[in-house]
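Below: one structure, written as structure tokens.
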Amino acid sequence: MMAVGQTRYRFRMELHQIRHFLAVVETGSFTKGAQRAAVSQSAISHSIARLEAELDVKLLDRQRTPVVPTAAGMRVLAAGKTILYAWNTVKAELQTIAAPKLLKLGVLQTLSSGQVSKLLSAFRRANPEVAIEVSDGTSERLVKSLQEQKLDTILTIFDSDAAKFSGRVLFKEPYVLAVPEHHRFALRSAVKLADLLNEPFIARTRCDKDHELGSLLVSHGMKLRVVYKTDQDDRALALVAAGIGVAFVPAHFSAPAVRQVAVSDMAIMRTIGLLWSPEREDSDLEEFIKFAESHDWML
């Protein structure tokens with residue numbers, strides 16, 4: 001029993017021995033095997049001889065040309081391939097963790113900060129190996145950055161530029177009226193544009209549909225009474241909540257103490273989705289697309 005125990009204790013097959021053995025078997029020659037393994041022929045011969053001594057069995061039939069494995073060598077060959085495959089897989093995973101992949105994402109400024117932060121936070125928890133670099137911008141600036149390959153994908157409004165890229169629609173939403181929770185419209189399911197005469201308005205100067213809204217109001221002979229202009233959507237919602245005025249906002253916007261009311265004669269919609277260049281398609285991007293599709297944008 002002691003001899004067996006001592007043999008087990010002495011045995012310590014190393015990865016380089018497995019690589020050397022596979023190199024000789026696959027090339028059929030100690031000379032070619034040494035060239036593949038980038039070592040001298042004497043070094044590879046010594047390595048395999050040591051492996052045979054540790055296993056106490058002949059692994060190669062050196063009398064044949066090309067050199068071929070013995071029956072025992074065939075067993076070691078199969079096991080060696082499995083060991084190296086497992087090792088290379090672990091090594092690749094560790095390298096990915098040490099140097100995470102980078103996905104460059106552009107986000108439309110007029111998307112809800114709360115919804116975007118929830119999406120990114122959830123994706124990061126589910127895919128810690130993928131690093132995301134995010135930048136905000138207008139639709140025009142995001143499209144330009146995508147064309148110049150400065151971004152991998154953009155989360156933006158779908159307009160005439162969308163046809164230039166690969167894309168995936170995430171959601172469609174109407175524009176609604178945001179009012180304070182105690183406003184007289186707060187409990188109504190819908191209002192008409194005519195109901196908004198003399199209402200104090202918070203004007204969102206970065207509104208994606210500003211031109212359409214303006215044309216619609218002109219066609220109804222209306223002019224809004226604007227009491228505050230801001231390019232910050234979070235501030236616009238805060239002002240609404242504070243009772244300073246009401247505002248037209250995309251339906252996925254939400255804030256405490258703010259209620260959304262449909263405007264029955266304002267059929268303005270926008271489509272939001274991801275755009276990317278076909279050349280950029282890979283597993284990380286596809287995973288992000290699937291994740292964004294499953295996100296509930298209307299919470």
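Restricting Phe158, Phe171, Phe165 to those that are under 30 Å from Leu239 (Cα atoms), of a type in the set (Phe, Trp, Tyr), at pLDDT below 95 and in contact with a Phe, Trp or Tyr (Cβ under 9 Å, 6 or more places away or on another chain) reduces the list to Phe171. On the given criteria, is Phe201 in contact (Cβ under 8 Å) with a residue 24 or more places away in the chain, farther than 21 Å from Thr271 by Cβ and assigned to a strand (DSSP E or B)? Taking the combined requirement at face value, the residue satisfies it.
Residue by residue, here is whether (1) part of a loop (DSSP other than H, G, I, E, B); (2) at pLDDT 95 or above holds:
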| position | (1), (2) |
| --- | --- |
| Gly214 | no, no |
| Gly221 | yes, no |
| Val227 | no, yes |
| Asp234 | no, no |
| Ala238 | no, yes |
| Ala255 | yes, no |
| Arg259 | no, yes |
| Ala262 | no, yes |
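Restricting the stretch 102-131 to residues that are free of Cβ contacts under 8 Å to residues at least 40 places away in the same chain and surrounded by 14 or more Cβ atoms within 10 Å (Cβ to Cβ) leaves a set whose member that is farthest from the chain's Cα centre (by Cα) is Val116. The number of residues in the stretch 227-263 that are more than 18 Å from Thr138 (Cβ to Cβ) and polar (S, T, N, Q) comes to 2. Restricting attention to the stretch 20-65, the residues being of a type in the set (A, V, I, L, M, F, W, C) and out of contact with any helix residue (DSSP H, G or I) (no Cβ under 8 Å at 6 or more places or on another chain) number 3.
Scanning the stretch 269-284 for residues that are modelled with pLDDT of 90 or more and crowded, with 16+ Cβ neighbours inside 10 Å gives Arg270, Ile272, Gly273, Leu274, Leu275, Trp276. Quick check: anything in the stretch 203-210 crowded, with 16+ Cβ neighbours inside 10 Å and β-branched (Val, Ile, Thr)? No, the stretch 203-210 contains no residue that is crowded, with 16+ Cβ neighbours inside 10 Å and β-branched (Val, Ile, Thr).
Starting from residues that are in a loop (DSSP other than H, G, I, E, B) and in contact with a Ser or Thr (Cβ under 9 Å, 6 or more places away or on another chain), keep the ones in the stretch 9-57 and report whichever is nearest to Val90 (Cα to Cα). In this case the residue turns out to be Glu14. For beta carbons closer than 7 Å, sequence separation of 6+ or different chains, a first residue in the stretch 62-74 that is outside the structural domain of Ser45 (by TED's automatic domain parsing) and hydrophobic (A, V, I, L, M, F, W, C) and a second that is surrounded by 14 or more Cβ atoms within 10 Å (Cβ to Cβ) and part of a strand (DSSP E or B), there are no qualifying pairs. Of the strands (runs of 3 or more DSSP E) that lie entirely inside the stretch 58-167, those containing 2 or more residues that are at negative phi and charged (D, E, K, R) span 101-108, 130-137.
The values are calculated or read from the model by the stated rules, or taken from the named source; none is laboratory data. What you see is a predicted model; the values in this text were computed from it and never measured. All Cβ positions, even for glycine, are placed from backbone atoms using ideal geometry, and neighbour counts span all protein chains on display.
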